[in-house]
Amino acid sequence: MLNYKNEKLQISPLEYETIREYYKNSCKEDLKFGLEYERISINSDTLQNADYNIIEKIIKNFAHIKGWGLLYDENTLIGAMGENSSVSLEPGCQFELSLEPKREIPEIEKFTKSICTLLDRIAKFYNVDFLPIGITPLSTYKNIDIVEKQRYKIMANSLPKNGKFAPIMMRETAGVQLNIDYKSEEDAIDKIRLLCFISPFLTGFFANSPIRNNKLTNYKSFRALAWKYTGKERCGIFYNTILDNKNSTFDDYINAIINIPLLFIERDGKKIITDCKITFREFMKNGFKEYRATMKDYILHASLCFPDVRLKNCIEIRNHDSQSLEMTLALCAFYKGILQSNFSEIFKHFEKINSNDINKMGFLAAEKGLDFKYKDFDAKNFTKQLFKIASENLDIKEKHYLNCALALLQEGKCIADTIIEDKIKNADDLKKHLKRVNKC
């Protein structure tokens, strides 16, 4: 994943106010959107997870054609970078495109389509398919080798201790993430609150992972379920005070992050494992062995916390299954429109809703997509309202990106419903279904 810019990181002992300044200095007037688009890598014949040695060749060929530089972690090839963007590997060889932030959706479409088209052509030569789906449909974590990246190996050893589905999350799942800028502290907190409040409905609509282990599961987004059980202290929405207090500040987010156990730090390219024995707050106060906390440590630590909506030098919206390019652009259009709307009108619907309610609705969305009701919310109807608001706040040249989503909503369906209604019950049927219905 790419940050918007390279940060000059301090090496002196870290003070709390330095963390606060990091977020304040990340405020921008020129607002852009960055896309991170993951897809599942499978062997075209066996439908098993693609082998790393083959994916490595795809990356090298892609980099050669594009003139991009190769990215390594020690001796392991993990991606390529160029044009201020990158392609890289997630822990289970899921393929991710991280796009340079853009102002307009047509810019996102043009760049993403060109990269994905080239990758798909190269992959076809190596008998690999990249599936725009939220979870690998045949292979499970038990027979997916983890990419030999130091960070991934530490996570694979540590996260399952507190999250029983962490291996599924790491090795099997793929998502779509949108990164957005914020103008001020107030703007950032307002956006985080809005995005968290509406997250169950967007998780439900973009649910796209009902097939796992070669069979239909009882969940429309098994990916979302896996994230729920990856570790409640660092996943979901653990910064509850921001949702429950409309007068929140950066401090509420920072304090939630520094109270989370520390996995590891880096010194001179080497990983020093703390194995969650201390929180980051304790690390700031007392150090770890001979090491003292720095801002670089904080940024690394914050990247190892996985809330549905994450604050960095931009705001990351992380709660969606992987989608076709058509639906991915609809997702981009939705958020651009909704973030240009009058937030107060949406907040009115959540006056009696707290963080615990959002968590419960998140579980319902993972299981049922949009087929749930909770308190005053009918998920289908409320999601239609949200998309209507988004459409009304988009420029005329970008409204059409919502058409595919609006057509599905008109039928009262989420993405997974199209799979279930087509009587897809295994990986082979799913692959054929995806090729039939997806335009990319």
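Quick look at the values:
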item: Every residue from segment 257-280 that is open to solvent by 10 Å² or more (accessible area, probe 1.4 Å), more than 27 Å from Asp181 (Cα to Cα) and not acidic (Asp, Glu); result: Pro261, Arg267, Gly269, Lys270, Lys271, Ile272, Ile273, Cys276, Lys277, Ile278, Thr279
item: Any chance Asn247 is assigned to a loop (DSSP other than H, G, I, E, B) and closer than 24 Å to Arg39 by Cα; result: no
item: Any hit, segment 286-301, residues being at pLDDT 95 or above, closer than 30 Å to Ile135 by Cβ and open to solvent by less than 10 Å² (accessible area, probe 1.4 Å); result: yes
item: All strands (runs of 3 or more DSSP E) inside segment 89-207 with 1 or more residues being out of contact with any helix residue (DSSP H, G or I) (no Cβ under 8 Å at 6 or more places or on another chain); result: 95-98, 175-180
item: Criterion: more than 23 Å from Ser341 (Cα to Cα) and either more than 20 Å from the chain's Cα centre (by Cα) or among the polar types (S, T, N, Q) (or both) - qualifying residue of Lys380, Lys397, Lys425, Lys352; result: Lys425
item: Selection within segment 269-288 - closer than 16 Å to Leu14 by Cβ and of a type outside the set (S, T, N, Q); result: Ile272, Ile278, Phe280, Arg281, Glu282, Phe283, Met284, Lys285, Gly287, Phe288
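Matching residues to (1) out of contact with any Pro (no Cβ under 7 Å at 6 or more places or on another chain); (2) closer than 30 Å to Asp45 by Cα:
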| position | (1), (2) |
| --- | --- |
| Asp129 | yes, yes |
| Thr140 | yes, yes |
| Tyr152 | no, yes |
| Pro160 | no, no |
| Pro167 | no, yes |
| Glu172 | yes, yes |
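A quick yes/no check of all residues on (1) aliphatic (A, V, I, L, M); (2) touching a helix residue (DSSP H, G or I) at 6+ places or on another chain (Cβ under 9 Å); (3) at pLDDT below 95; (4) under 21 Å from Leu225 (Cα atoms):
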residue	(1), (2), (3), (4)
Asp275	no, yes, yes, no
Cys305	no, yes, no, yes
Arg310	no, yes, no, yes
Cys314	no, no, no, no
Asn319	no, yes, no, yes
Ala330	yes, yes, no, no
Ile346	yes, yes, no, no
Ser355	no, yes, no, yes
Lys360	no, yes, no, yes
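The values are calculated or read from the model by the stated rules, or taken from the named source; none is laboratory data. Values in this document were obtained by computation on a predicted structure and should not be read as measured data. Counting neighbours? That spans all protein chains shown, and the Cβs are built from the backbone with ideal geometry, glycine included. What goes into the accessible areas is simple: the full protein's heavy atoms, side chains included, and nothing from ligands, DNA or RNA. Shrake-Rupley method; radii C 1.70, N 1.55, O 1.52, S 1.80 Å.
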